[in-house]
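A short worksheet on the structure shown next.
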2 protein chains.
Amino acid sequence: MRRDIFQAIADPTRRAIIGLLAMQAMTPNGIAEHFQTTRQAVSKHLRVLTECEVVKQEYQGREIYYHLEIERMKEIDKWLEQFRKLWETRFEQLDNLLANLKKNKK
Amino acid sequence: MRRDIFQAIADPTRRAIIGLLAMQAMTPNGIAEHFQTTRQAVSKHLRVLTECEVVKQEYQGREIYYHLEIERMKEIDKWLEQFRKLWETRFEQLDNLLANLKKNKK
DNA sequence: TATATTTGCAACCATATGGTTTCATAAACA
DNA sequence: TGTTTATGAAACCATATGGTTGCAAATATA
């Protein structure tokens, strides 16, 4: 089974869970309150996120707090790096174009 | 059917295709040469990417050149923004910690 | 015109995905 | 101790996914 950060963020509910956990660690029940699905469905999402190591569990009595592993998010950023150069170049080109237009106007 | 940039980049083959098209526009046949799957499988990936508007088609005779729409990549970057603050903060904290250690050493 | 090339699409298939309901287990509490 | 609470896991289901093979259509070429 494919299990990487890109698959982790493919589902909108999982992205929302990641967003929640970015604010604070939460229990499955706490997370489930924010969604219309069952707690069990959220639990399955948490399993995927755990397998991708996007979240870490912290046992506290009978509760489990899920923490976001922010490091994993950097992997996406790293992949994006190759494109960032491209769109910055395009931005520069546009910038130069505008500068030239302004120049010619004078 | 869910069709967004996050689903587009969920598949490793599609990520590779996006990587190729970042370099230059290519035809389906040209793209397929880089993979072990059939041309038709690549074609299906291109369909998903087209539906997500990650690529654009340019007809040239019987060939179709696929171009990357770099703008779509920015959407990922935008979503990542919320986490970027977090990991930069953590980096600063680590930085401060190191600075303090250095200070106390003196 | 006849043939080869490029491509998309349909049909099919095995497996993955995301959800549900039901259950088992362990901790908290009366 | 018996009951409630928090959780994960299993079984099941409809649909999505990623691949294949076999076609049809349109363009290029002999």
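Miscellaneous remarks
- Test for residue A:75: is it under 19 Å from residue B:14 (Cβ atoms), surrounded by 13 or more Cβ atoms within 10 Å (Cβ to Cβ), within 13 Å of chain B (Cβ to nearest Cβ) and within 13 Å of the chain's Cα centre (by Cα): yes
- Residues of region A:44-59 that are over 21 Å from residue B:10 (Cα atoms) and near DNA strand D (Cβ under 8 Å from one of its atoms): A:57 alone.
- Residue check, residue A:37 more than 10 Å from DNA strand D (Cβ to nearest atom), among the β-branched types (Val, Ile, Thr), surrounded by fewer than 18 Cβ atoms within 10 Å (Cβ to Cβ) and part of a helix (DSSP H, G or I): no
- Here the condition is being β-branched (Val, Ile, Thr), exposed (fewer than 14 other Cβ atoms within 10 Å of the Cβ) and within 14 Å of chain A (Cβ to nearest Cβ); of B:89, B:13, it holds for B:89 alone.
- Qualifying residue in region A:56-70 (condition: part of a helix (DSSP H, G or I), in contact (Cβ under 8 Å) with a residue 24 or more places away in the chain, more than 10 Å from DNA strand C (Cβ to nearest atom) and more than 14 Å from residue A:7 (Cβ to Cβ)): yes
- Those residues of region A:1-10 which are within 11 Å of DNA strand D (Cβ to nearest atom) and either surrounded by fewer than 15 Cβ atoms within 10 Å (Cβ to Cβ) or in contact (Cβ under 8 Å) with a residue 12 or more places away in the chain (or both), in sequence order: A:2, A:6, A:7
- Applying the set (1) touching a Lys or Arg at 6+ places or on another chain (Cβ under 9 Å); (2) on the phi > 0 side of the Ramachandran plot; (3) surrounded by fewer than 14 Cβ atoms within 10 Å (Cβ to Cβ) to residue B:53 leaves exactly one unmet item: (3).
- Meets criteria (more than 8 Å from DNA strand C (Cβ to nearest atom) and in contact with a Lys or Arg (Cβ under 6 Å, 6 or more places away or on another chain)) for residue A:9: yes
- Within region A:21-33, tally of residues that are more than 11 Å from chain B (Cβ to nearest Cβ) and surrounded by 14 or more Cβ atoms within 10 Å (Cβ to Cβ): 7
Here, each number is a calculation from the coordinates, and none is a lab measurement. Because the structure is predicted, anything quoted here is derived from the model rather than measured. Counting neighbours? That spans all protein chains shown, and the Cβs are built from the backbone with ideal geometry, glycine included.
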